[in-house]
Amino acid sequence: MKQQTALAQGTGSSVVVERCQTCDGARLESVLFLGYLPPVNTMPVTGKRPTEEASYPAEMLFCHNCTLAQLGLIVDPAILFPPEYPYSSGTTKILRENFKELYEESSKIVPLTSDDLIIDIGSNDGTLLSNFKNGGHKVQGIEPTLMGKKAIEAGIATEEAFFNIETATRVRSKVGKARIITATNVFAHIENIHDIMEGIITLLADDGVFISESHYLLGLIETLQYDTIYHEHLRYYSLSSISYLLNRHGLEVIHAKRIPTHGGSIRVYAARNGKHQVRDSVKELLNSENAANLGTKLLPEFKERVVLSKLKLNSLLLDLKLKKQRIFGVGAPSRASTLINYAGIDNGILDCVVEVKNSHKVGKNMPGTVIPVKEESCLFDEQPEYALLLSWHIKDELIQNLSAKGFKGKYIVPLPEPQIISNDGTSSSV
Ligand SMILES: [Zn+2]
């Protein structure tokens, strides 16, 4: 039976990717295999005897035709996003600042009047749109999860639905076409990207601009964020691969830039061909990507670096365990599941992982392991010698915060180079 799920609709089965999800090309090369990983939200209750758990291959493929990096298996969304899957708003300080900056930048690139409509796809709690609303513009969100209700309560008009052509047509008949459409961090998750694009075209005014933000493949590679590879992330974009996708739907990129969200993302402005001036930023970023030789140089090197980082992290952990040091993990974001499972970290290495007090993950085990997730207060009460930072991409903020709260031990930063940071801020690489 098909299940209505929170971020995407269930298809009833997983799909092996034989042809590129964007260009339908068959020249797909396997560039990285992280093993069989459990879905990141598979977290059994702590203390129960472990029973069977599903796991799925985490293989990255590279398309030599359109340069899209993508997973080799599309796991049934009903498995990845079960109805009970708990959602957090995800609207962190860095995201709020990013949305404000997006508003300011886009208002310069697309001069807006009070009649202009802005539509956000995957609008969450309405934070992005609130910037435009406060600026005096009409806004419309589209959001399938419960966060849509929160947005409505905050006064942001929101269509509570999955985004597809039907939803786009319905929204268009209600509120008309949009001068700006935004889609942040949704491009990687939804299975049929061409349906999404057709929906966007349906809603975009003739002189409108579509702005997307996606995790950036070249940033992922540079900072070795292999831990952001998991089944919910079906595609990993460069500007080249986004351009290819947009071109296929009659849009051209008019501006692009790198932004800091999610450990390194890319913001791309697109419009119907010939409707807006194309900025130099587009050529500059495309040139830098071409010079990097993604398929022939960067990705093969990435694989080597990923393997070495795992071995180095294991070596560092071996040294500490030989000295009978206690290590707690800090933070249980989705990416922690990939790191822990790929690096083979078990409950003999990490006593537990700590999470903030009201996290729904407390009282459960990390996916694929019997490492318990406990409340953060354990870290301060028990004072283990080491804390392994699983949200290492925000390590500076975390170290400052945990030290201020009273943690006296040292920090292990697992990536991109395993590193120990003392409480006084000095660091040593392995
Ligand atoms: Zn392709």
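Would you mind finding the one in K93, K2 that is away from the ligand (no atom under 16 Å from the Cβ), at pLDDT below 90, touching a Gly at 6+ places or on another chain (Cβ under 7 Å) and open to solvent by 10 Å² or more (accessible area, probe 1.4 Å)? Step through it out loud before you land on a result.
Values: K93 fails: touching a Gly at 6+ places or on another chain (Cβ under 7 Å).
When all the criteria are applied, what remains is K2.
Taking the range 119-150, which residues are of a type in the set (G, A, S) and within 19 Å of L102 (Cα to Cα)?
G122, S123, G126, S130, G135, G136, G141
Only strands (runs of 3 or more DSSP E) wholly contained in the range 131-249 count here; list those with 3 or more residues that are charged (D, E, K, R), away from the ligand (no atom under 16 Å from the Cβ) and touching a residue at least 60 places away in the same chain (Cβ under 8 Å). Walk me through it before giving the result.
Numbers: elements: 138-142, 178-184, 204-215.
Of the strands (runs of 3 or more DSSP E) lying wholly inside the range 131-249, those with at least 3 residues that are charged (D, E, K, R), away from the ligand (no atom under 16 Å from the Cβ) and touching a residue at least 60 places away in the same chain (Cβ under 8 Å) span 204-215.
Which of the following residues is open to solvent by 40 Å² or more (accessible area, probe 1.4 Å), at pLDDT below 95 and farther than 27 Å from Y56 by Cβ: K138, K133, K149, K174?
On the way: K138 fails: at pLDDT below 95; K133 fails: at pLDDT below 95; K174 fails: at pLDDT below 95.
After ruling out the rest, the residue left standing is K149.
Consider only pairs whose beta carbons are under 6 Å apart and that are at least six residues apart or on different chains; among these, list those whose first residue lies in the range 64-76 and is without any contact (Cβ under 8 Å) to a residue 60 or more places away in the chain and whose second residue is more than 13 Å from the ligand (Cβ to nearest atom).
Between residues of the range 64-76 that are without any contact (Cβ under 8 Å) to a residue 60 or more places away in the chain and residues that are more than 13 Å from the ligand (Cβ to nearest atom), the close pairs are G72/E59.
For residues that are assigned to a helix (DSSP H, G or I), open to solvent by 10 Å² or more (accessible area, probe 1.4 Å), touching a residue at least 24 places away in the same chain (Cβ under 8 Å) and farther than 19 Å from V209 by Cβ, tally how many sit in the range 252-285. Spell out the reasoning first.
Looking only at the range 252-285, we keep the residues that are assigned to a helix (DSSP H, G or I), and these are 261-263, 280-285.
Cutting the leftovers down to open to solvent by 10 Å² or more (accessible area, probe 1.4 Å) gives us 262-263, 280-285.
Subsequent filtering for residues that are touching a residue at least 24 places away in the same chain (Cβ under 8 Å) retains 262-263, 281-282, 285.
Restricting the remaining residues to those that are farther than 19 Å from V209 by Cβ gives 262-263.
Final tally of qualifying residues: 2.
Assess whether E18 counts as being within 16 Å of the ligand (Cβ to nearest atom), out of contact with any Asp or Glu (no Cβ under 8 Å at 6 or more places or on another chain) and open to solvent by 60 Å² or more (accessible area, probe 1.4 Å). If you could, list the steps in order and put the result at the bottom.
On the way: within 16 Å of the ligand (Cβ to nearest atom): yes; out of contact with any Asp or Glu (no Cβ under 8 Å at 6 or more places or on another chain): yes; open to solvent by 60 Å² or more (accessible area, probe 1.4 Å): yes.
So E18 passes the test.
What residue, among those in the range 23-50 that are at pLDDT 95 or above and among the hydroxyl-bearing types (S, T, Y), is nearest to the ligand (Cβ to nearest atom)?
This residue is S30.
For the range 392-430, enumerate the residues that are open to solvent by less than 20 Å² (accessible area, probe 1.4 Å), part of a loop (DSSP other than H, G, I, E, B) and within 22 Å of K312 (Cα to Cα).
G409, P414, L415, P418
With respect to K357, is the statement that it is crowded, with 17+ Cβ neighbours inside 10 Å, in contact with an Asp or Glu (Cβ under 6 Å, 6 or more places away or on another chain) and not in a helix (DSSP H, G or I) true? Step through it out loud before you land on a result.
Working: crowded, with 17+ Cβ neighbours inside 10 Å: no; in contact with an Asp or Glu (Cβ under 6 Å, 6 or more places away or on another chain): yes; not in a helix (DSSP H, G or I): yes.
Here the answer is no, as K357 does not meet what is asked.
The values are calculated or read from the model by the stated rules, or taken from the named source; none is laboratory data. In this text, all values refer to a predicted model and were calculated from it rather than measured experimentally. Counting neighbours? That spans all protein chains shown, and the Cβs are built from the backbone with ideal geometry, glycine included. What goes into the accessible areas is simple: the full protein's heavy atoms, side chains included, and nothing from ligands, DNA or RNA. Shrake-Rupley method; radii C 1.70, N 1.55, O 1.52, S 1.80 Å.
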